[in-house]
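K.L.:
Quick one: structure below, then a few questions.
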Amino acid sequence: MSTVQKVRGAFQTGVHTKQRHDSGANHVAGTAVYIDDMPEPPGMLHAALVLSPVAHGRLRGIDASRALAAPGVVAVVTARDIPGKNDIGPVTPDEPLFAETLVEYAGQPVAVVAAATMDQARAAAALVHLDIEKLEAILTIDQAMEKKSFLAPPISIERGDVKGGLAKAPHRVKGKLRCGGQEHFYLEGQIALAIPGESHDITVHSSTQHPTEVQHICARLLGLELNRVTTIVRRLGGGFGGKESNASWVAGAAAVIAWNTGKPVKLRLPREIDMIATGKRHGYLMEYEAGYDDTGRIIALDASLAGNGGNTLDMTMGVMTRAVCHVDNCYWIPNYRAVGYPCKTHTVSNTAFRGFGGPQGVLVMEDVIEQVARKLGKSPEEIRSLNYYGGQNPNDAPYGQTITDNLIEPCVQQVMREIEWETRRKEIDAFNRVNPVLKRGLGLFPLKFGISFNAAFLNQAGALINVYSDGSIRLNHGGTEMGQGLFIKIAQVVAEVFQVDIDRIAYSATSTGEVPNTSATAASTGSDLNGWAAYMAADAIKQRMTAFAAEKFGASADTIEFRDNHVHIGAPGSNQVLEFGELAKLCYMGRVSLSATGFYKTPQITWDQAKMRGSPFFYYVYGAAAAEVAIDTLTGEARVLRVDLVQDCGRSLNPTIDVGQVEGGFVQGQGWLTSEELWWDKDGRLRTAGPSTYKIPGSRDVPPIFNVRILENAPNKSATIFRSKGIGEPPIMLPTAVWTALKDAIGSVVDHRVAVELDAPATPERILMAVRAVRQAAS
């Protein structure tokens, strides 16, 4: 049945309603079309990468003769075949697509093979011989710090007198902890399809979070102006930050081959190659010294964060900036210093990952809180409460931003109330007293996370809306749909503006040819930016339709109301009522434009990167989680038994979608903190390059009791779209409660006043070593 034939009643599909994902049914049925599902263009070639097996060395030669003689092979493309600049650096020009004279990580692309089939291309890639002279490689953060191997100068945020504060503090504590990197492990691997057109035009279908960056990188490699490259993205099978800069070079490689051969080219990375060749979450080494008084109030903190950036800069400085901006988390620290060291190693260049430095940064103060509590014989919850922003403490972040929307206490209090914290604490303590082998732990984690891109210019978005003469609507914007439900949320915004059912709205693929100069769908800003842009476009059309109706029917514009799929014109009781599609047809006949673009830029953002001062965030998102775990002290095995959390979503645009994001984000973060371990051998080769050796959470790792609540009656105080909040990233930090619970369980093996050192991921080996360490410390 067509849109205009449907009988429409009360409007119920706008914002703040529970709507299912627009592609949900197709996902379940397997009919959602991804790039590898698209019909292959005639003559299309398949591509496969040739990777360096050496972490650091001089590239003395490439012998592709055997590969070129292999069945089906059409071309072997190297750096010398790039018509433009051999540069894929997303921020600074320091990263080649293909190595020229130097290789700097095991897995670095050196060449790419194009053949008639995927199997032929991959077989031929293995025949390319690389002549590489090995050089000394820096493979760890410790080595990089020792050799002062940095990608950029260190950065720091400082407030007050740290040295004086530590000197005057009655007590001090020092700590050191590590957290590993994390593989994105998106379900759909990296893939791109490049199709050359006429007059040097090229269309690139890319599984990317950042269509404009793909456009820029491809144009740079090919020596073209941007208007010659069109990037198209209908959907991604997951991204998590791994399809920002990574997707751009994969698309660039496909485009270079297409340029050289004149044929369409598809490059799809198999899982092992994907994991070896693409960047990951930054691993960090963090050290601190904190001063505190007899009550547990933190007086001073001096922290250093060394992040493994890999071999090129990529997004390391943005990640490090956010990390040092989140060391404070929810706590007022009058004398504060956090120094970030962007380390260069001969490993894959690390990149964006959900949370973008925040997950690493927030671990510091949680470790401080736990140590202070143990030293003073108090509970961590008491120490946290004493140091929260607000109340008797100022609401001023160390980098100069005033916190105006503090919801820390409401989130924490709701969690502790709903789980009956004190009762649970007593039950767990009683269990531990009579069980010498199995131990349980209870952990809490509060969260304050800033929303906005660190680089102010990225906080912008555009949208294009077309209303057709039958009343149907087509929506396009700069955001990408990667399973997170962005498209349905933006459609709800448009439906709300026009007061029409959401099934009137069709989505078109994100395209740089329709909406230019887009920002990445990242930093939890997708709904904020694109929602407002779509609102602006829809409202512009609505105002034109209103003005036309007022003139045609002799009514005042302020008496015209869009409601329940209709337009009411005139005073109540005597008004003219038109179905939305009827007015659209009249507007078309009256030569009224029913197409509009919308543009939005986030206000009130200021940041001086040199001084590390300003207001980098439009607002903050808050949350709190409590976790109960059990460990086996003989094997180190652990289980998450129960999780209760409260997530601040502002006034949620779509509670169903938001709860799904919270659940998924939590489990992904739990994997980072407990099981997902990246391991390189002594030669710098990644050995955890597949699901057999890299342990992502499975269905049995999801807490059997998993209670998720959205904080109610807490609309965003900032002027976001319908007072909602971005919640893509914040939930990935809430499983820090699992980490604190594991430390609680380990501490229960002996006197709770013994400090517990536990690096992440907290694998069984690390838990077992921590158990042995506390026993030795207590003996």
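The values are calculated or read from the model by the stated rules, or taken from the named source; none is laboratory data. Everything numeric in this text was worked out from a predicted model, so none of it was measured. Every residue, glycine among them, receives a Cβ derived from its backbone with ideal geometry; neighbour counts consider all protein chains shown. Ligands, DNA and RNA are excluded from the accessible area calculation, which covers all protein heavy atoms including side chains. Shrake-Rupley method; radii C 1.70, N 1.55, O 1.52, S 1.80 Å.
Here is a yes/no grid of residues against (1) modelled with pLDDT under 95; (2) under 26 Å from GLU757 (Cα atoms); (3) surrounded by fewer than 23 Cβ atoms within 10 Å (Cβ to Cβ); (4) not charged (D, E, K, R):
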residue	(1), (2), (3), (4)
GLU370	no, yes, no, no
LEU386	no, yes, yes, yes
ALA397	no, no, no, yes
LEU442	no, yes, no, yes
LYS448	no, yes, no, no
ILE451	no, no, no, yes
GLN460	no, no, yes, yes
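K.L.:
Is one or more of the residues making up the stretch 592-604 under 19 Å from GLY450 (Cα atoms), free of Cβ contacts under 8 Å to residues at least 24 places away in the same chain and not polar (S, T, N, Q)?
P.N.:
no
K.L.:
So THR404 clears everything in (1) crowded, with 19+ Cβ neighbours inside 10 Å; (2) outside any helix (DSSP H, G or I) except one condition, right? Which one?
P.N.:
Unmet for THR404, out of (1) crowded, with 19+ Cβ neighbours inside 10 Å; (2) outside any helix (DSSP H, G or I): (1).
K.L.:
Within the stretch 636-655, restricting attention to residues that are of a type in the set (Val, Ile, Thr) and touching a Pro at 6+ places or on another chain (Cβ under 6 Å), which residue is least open to solvent (accessible area, probe 1.4 Å)? Even if it seems obvious, please write down each step before you answer.
P.N.:
Here is the first cut: in the stretch 636-655, the residues of a type in the set (Val, Ile, Thr) are 640, 643, 646.
From the residues that got through so far, the ones that are touching a Pro at 6+ places or on another chain (Cβ under 6 Å) too are 640, 643.
Working: VAL640: 22, VAL643: 0 Å².
In this case the residue turns out to be VAL643.
K.L.:
For the stretch 306-324, give me each residue that is part of a helix (DSSP H, G or I) and farther than 14 Å from LEU363 by Cβ.
P.N.:
Applying the first criterion (part of a helix (DSSP H, G or I)) to the stretch 306-324 yields 316-324.
THR316, MET317, GLY318, VAL319, MET320, THR321, listed by residue number.
K.L.:
Take the conditions touching a residue at least 60 places away in the same chain (Cβ under 8 Å), crowded, with 23+ Cβ neighbours inside 10 Å and not in a helix (DSSP H, G or I) and apply them to ALA523. Does it pass? Even if it seems obvious, please write down each step before you answer.
P.N.:
Working: touching a residue at least 60 places away in the same chain (Cβ under 8 Å): yes; crowded, with 23+ Cβ neighbours inside 10 Å: yes; not in a helix (DSSP H, G or I): yes.
Yes: the conditions hold for ALA523.
K.L.:
Restricting attention to the stretch 674-718, and to residues there that are farther than 28 Å from LYS18 by Cβ, of a type in the set (Ser, Thr, Tyr) and surrounded by 12 or more Cβ atoms within 10 Å (Cβ to Cβ), which single residue is farthest from the chain's Cα centre (by Cα)?
P.N.:
That would be THR693.
K.L.:
Could you please let me know if GLY726 is outside any helix (DSSP H, G or I), of a type outside the set (S, T, N, Q) and under 24 Å from the mean Cα position of the chain (by Cα)? Explain how you work it out, then say what you get.
P.N.:
Details: outside any helix (DSSP H, G or I): yes; of a type outside the set (S, T, N, Q): yes; under 24 Å from the mean Cα position of the chain (by Cα): yes.
So GLY726 passes the test.
K.L.:
For the stretch 121-163, give me each residue that is in a helix (DSSP H, G or I) and closer than 21 Å to ALA55 by Cβ.
P.N.:
Correct list: ALA125, ILE141, ASP142, GLN143, ALA144, MET145, GLU146, LYS147.
K.L.:
Let me ask something else. Can you spot a residue in the stretch 71-82 that is of a type in the set (A, V, I, L, M, F, W, C) and in contact with a Gly (Cβ under 6 Å, 6 or more places away or on another chain)? Please lay out each step first, then the result.
P.N.:
Step one: filter the stretch 71-82 for residues of a type in the set (A, V, I, L, M, F, W, C), giving 73-77, 79, 82.
Next, from what is left, pick out any that are in contact with a Gly (Cβ under 6 Å, 6 or more places away or on another chain): none.
Taking every residue of the stretch 71-82 in turn, none turns out to be of a type in the set (A, V, I, L, M, F, W, C) and in contact with a Gly (Cβ under 6 Å, 6 or more places away or on another chain).
K.L.:
Among (1) open to solvent by less than 10 Å² (accessible area, probe 1.4 Å); (2) out of contact with any helix residue (DSSP H, G or I) (no Cβ under 8 Å at 6 or more places or on another chain); (3) under 30 Å from HIS200 (Cα atoms), which single condition is LEU267 missing?
P.N.:
(2)
K.L.:
Continuing with this model, one more query. Does GLN543 meet the test of being free of Cβ contacts under 8 Å to residues at least 40 places away in the same chain and at negative phi?
P.N.:
Numbers: free of Cβ contacts under 8 Å to residues at least 40 places away in the same chain: yes; at negative phi: yes.
It is true that GLN543 is free of Cβ contacts under 8 Å to residues at least 40 places away in the same chain and at negative phi.
K.L.:
Is there a residue in the stretch 559-582 that is under 17 Å from ASN476 (Cβ atoms), open to solvent by 80 Å² or more (accessible area, probe 1.4 Å) and touching a residue at least 40 places away in the same chain (Cβ under 8 Å)? Explain how you work it out, then say what you get.
P.N.:
Within the stretch 559-582, the first condition is being under 17 Å from ASN476 (Cβ atoms), and the residues that meet it are none.
No, the stretch 559-582 contains no residue that is under 17 Å from ASN476 (Cβ atoms), open to solvent by 80 Å² or more (accessible area, probe 1.4 Å) and touching a residue at least 40 places away in the same chain (Cβ under 8 Å).
K.L.:
Within the stretch 170-193, take every residue that is closer than 18 Å to THR480 by Cβ and among the hydrophobic types (A, V, I, L, M, F, W, C) and give me the one that is most open to solvent (accessible area, probe 1.4 Å).
P.N.:
Narrowing the stretch 170-193 to residues closer than 18 Å to THR480 by Cβ: 184, 186-193.
Retained after the next criterion (residues that are among the hydrophobic types (A, V, I, L, M, F, W, C)): 187, 191-193.
Details: LEU187: 156, ILE191: 5, ALA192: 1, LEU193: 4 Å².
Of everything passing the filter in the stretch 170-193, LEU187 is most open to solvent (accessible area, probe 1.4 Å).
K.L.:
How many residues are surrounded by fewer than 21 Cβ atoms within 10 Å (Cβ to Cβ) and not in a loop (DSSP other than H, G, I, E, B) when one looks only at the stretch 277-301? Explain how you work it out, then say what you get.
P.N.:
So the first thing to find is which residues in the stretch 277-301 are surrounded by fewer than 21 Cβ atoms within 10 Å (Cβ to Cβ), and the list is 287, 289, 293-295, 297.
Then keep just the ones that are not in a loop (DSSP other than H, G, I, E, B); that gives 287, 289.
Looking only at that region, the number is 2.
K.L.:
Within the stretch 729-755, work out how many residues are over 21 Å from the mean Cα position of the chain (by Cα) and either at pLDDT below 95 or polar (S, T, N, Q) (or both).
P.N.:
8
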